[in-house]
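Contents: one structure, followed by commentary.
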Amino acid sequence: MDSGLYVVATPIGNFGDMSQRAIEVLKSADLIAAEDTRHSQRLLQHFAIDTPTMSYHDHSDERALHRIGACLEGGGSVALVSDAGTPLISDPGYRLVRYVQDRGFAVRPVPGVCAAIAALSVSGLPTDRFLYEGFLPTREGARVNRLTALAGESVTLIFYEAPHRIEASLGSMIQVLGAEREAVLAREITKLFETIKRGTLAELQHFVSSDSNQQKGEIVLIVAGAPKNATTVSPDVAALLLRLAQELPAKQAAAVVADCSGLRKKLLYEYLIAEKNSRVE
Ligand code: SAM
């Protein structure tokens, strides 16, 4: 095997998804750098891989990087794996890839499963353009702010979410993006209780809150982009717009919110005028 760092994707729940090349690379490498060596043992044992392992995450100290660098300098090869799926996708590895490339060594992909792409491929939502957002902030205020910045994005949005936060996140999405936005809950992909459910955000919230089983396991949430010519302003964007309009002329307030939300300035301006008129009446 040629010397270098191999970034190896592993299954997200079904060992049958492990590629033949991933097995060969992990068997032939001199060292496996794993996010969690104990977690990876199950996979390695399953495929009878006895390559030495070391722990690597992006907060590992310099000694971990030096150990990997020394192996490559000696003409060896190192395989990077995370707990599941493709390393670096909401997983450790970015610092290591940069470190290795900056020292002139090769970095080679061994592609395979990624939960985001697996969920997108069965979502039934547009796949021609999408934005991978990873995990939303855990604190409500920060989450709402992030969603507000995404509200006008017309491309499909992909989120990872922890099961104990799914209800709260759906609540924030309804608040910011509106209850009628279409979305898909992809849970436990490739596992026994795999669930792929498409509906409006309101329907998904009802689905999740009325069945506690839907608040378990691993979840990807795919959300349709804003309609190209969005004609609705979500409650949060409206509140921001109305507050700004107390400080600025309507045109300026609309321009600022258009910049932040991606919504059309004309739509926001017309919303303000309609609001003003409705108060006068
Ligand atoms: N690197 C991984 C990948 O390529 O998908 C993602 C790692 S990230 C730390 C873990 C998150 O991925 C989970 O919280 C969940 O949102 C998503 N995920 C992983 N496995 C999944 C599965 N089988 N079904 C649904 N989502 C999954």
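The values are calculated or read from the model by the stated rules, or taken from the named source; none is laboratory data. As the structure is a computational prediction, the values presented were derived from the model and not from experiment. Virtual Cβ from ideal backbone geometry, glycine too; neighbours counted across all protein chains shown. The area values use the complete protein model at the heavy-atom level, side chains included, leaving out ligands, DNA and RNA. Shrake-Rupley method; radii C 1.70, N 1.55, O 1.52, S 1.80 Å.
For the stretch 12-31, the set of residues classified as open to solvent by less than 50 Å² (accessible area, probe 1.4 Å), away from the ligand (no atom under 16 Å from the Cβ) and outside any loop (DSSP other than H, G, I, E, B) consists of 23, 25, 26, 31, listed by residue number.
Outside the structural domain of residue 80 (by TED's automatic domain parsing), out of contact with any Cys (no Cβ under 7 Å at 6 or more places or on another chain) and in contact (Cβ under 8 Å) with a residue 12 or more places away in the chain: which single residue out of 137, 126 fits that description?
On the way: 137 fails: in contact (Cβ under 8 Å) with a residue 12 or more places away in the chain.
Result of the check over 137, 126: 126.
The criterion of at least 1 residues that are open to solvent by 40 Å² or more (accessible area, probe 1.4 Å) and within 11 Å of the ligand (Cβ to nearest atom) is met, among helices (runs of 4 or more DSSP H) falling completely within the stretch 75-164, by 115-121. For the stretch 33-54, the set of residues classified as within 21 Å of residue 95 (Cβ to Cβ) and either acidic (Asp, Glu) or within 16 Å of the ligand (Cβ to nearest atom) (or both) consists of 33, 34, 35, 36, 39, 40, listed by residue number. You will find that of 42, 63, 38, 67, the residue that is touching a residue at least 12 places away in the same chain (Cβ under 8 Å) and basic (Lys, Arg) is 67 and no other.
Within the stretch 211-252, being open to solvent by less than 30 Å² (accessible area, probe 1.4 Å), assigned to a loop (DSSP other than H, G, I, E, B) and within 20 Å of residue 266 (Cβ to Cβ) holds for 225, 226, 230, 233, 234.
Residue 206 meets the conditions (1) open to solvent by less than 20 Å² (accessible area, probe 1.4 Å); (2) more than 21 Å from the chain's Cα centre (by Cα) in every case but one. The failed one is (1).
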